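Handing you this structure, nothing more for now.
The values are calculated or read from the model by the stated rules, or taken from the named source; none is laboratory data. What you see is a predicted model, and the numbers here were worked out from it, not measured in a lab. Cβ placement follows ideal geometry from the backbone for every residue including glycine, while neighbour counts extend to all protein chains displayed.
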Amino acid sequence: MGKNIDYTSPNTQFAFDVNNSRSFTKDNQNYINVLGVDQLNTLDNISLLDIFLSKNNVIEPHYHQNAAELVYCISGSAVVSLLNPFTKKLHNYSITPGQVVNIPRGWWHYEVATVDQTHLLAIFNAPTPEVILGSDLLTLTPANIMAHTYCMDEDQWIKTIAPVQSSTFIGPPKECERTEHVQGPTGYYTPNQSYRQYYPDQRYSYGYYW
């Protein structure tokens, strides 16, 4: 049921410039603008994120606890990945302009730009998009709890996640975007290539394999 809106109020807003509502900035090619009820007070159970990405940049793994999400590709291309909690299957959908992916409320998902100048619109059925980020889960969960729960070495866990920045939003961090070629067991790779192609049996952390 929609909220009560006083359309006669002099404070009622019907238009807004989303370009003036920056939510997050990594650099001038990777950033997110937001539109919710706090920006436009006549919105009724709808909000959006206006997302700009360059190639290989990632909207980090996350979920929205208060809304489903419809990802629409305006320009460029991206792979939208989502984990079905019922089947335990990871789905990967490549989208180009005019194509969409629907992500049900609370599902773990992420988006990776596959070309420069990718522009995505994420639409939510909530007045304000709320989010729980993978980086926050990693950095805010006590290391001793993770180590005890999953039978891991606590010091190694701490060392592994040390480079993770809380509220990353768009990854990888600038200092991790290397361009040199590195030799792997089956050839050479760069950060622009899939590390699993070259290190299928090793774990990956912050640009390194261990």
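Might you let me know whether segment 177-194 holds any residue that is at pLDDT 95 or above, surrounded by 11 or more Cβ atoms within 10 Å (Cβ to Cβ) and in a loop (DSSP other than H, G, I, E, B)?
Among the residues of segment 177-194, not one is at pLDDT 95 or above, surrounded by 11 or more Cβ atoms within 10 Å (Cβ to Cβ) and in a loop (DSSP other than H, G, I, E, B), which makes the answer no.
From the list Pro129, Pro97, exactly one residue is assigned to a loop (DSSP other than H, G, I, E, B), closer than 30 Å to Asn41 by Cβ and either in contact with a Leu (Cβ under 7 Å, 6 or more places away or on another chain) or modelled with pLDDT of 95 or more (or both). Which is it?
Just one listed residue meets the conditions, Pro129.
When both residues are 6+ apart or on different chains and their Cβ atoms are under 9 Å apart, which pairs have a first residue that lies in segment 75-92 and is free of Cβ contacts under 8 Å to residues at least 12 places away in the same chain, and a second that is exposed (fewer than 14 other Cβ atoms within 10 Å of the Cβ) and part of a strand (DSSP E or B)?
Leu90/Asn84; His91/Asn84
Another one. Determine if segment 103-116 includes at least one residue that is assigned to a strand (DSSP E or B), over 23 Å from Val164 (Cα atoms) and either modelled with pLDDT of 95 or more or in contact with a Ser or Thr (Cβ under 8 Å, 6 or more places away or on another chain) (or both).
Within segment 103-116 (the criterion being assigned to a strand (DSSP E or B), over 23 Å from Val164 (Cα atoms) and either modelled with pLDDT of 95 or more or in contact with a Ser or Thr (Cβ under 8 Å, 6 or more places away or on another chain) (or both)), the answer is yes, since at least one residue qualifies.
Ok, one more. Does segment 132-169 hold any residues that are assigned to a loop (DSSP other than H, G, I, E, B) and either within 30 Å of Asp38 (Cβ to Cβ) or not charged (D, E, K, R) (or both), and which are they?
Passing the criteria: Thr141, Pro142, Cys151, Met152, Ala162, Pro163, Val164, Gln165, Ser166, Ser167, Thr168, Phe169.
Test Ala122 against the criterion of being at pLDDT 95 or above, buried (at least 16 other Cβ atoms within 10 Å of the Cβ), within 19 Å of Val80 (Cβ to Cβ) and of a type in the set (A, V, I, L, M), and give yes or no.
When the stated conditions are applied, Ala122 passes them.
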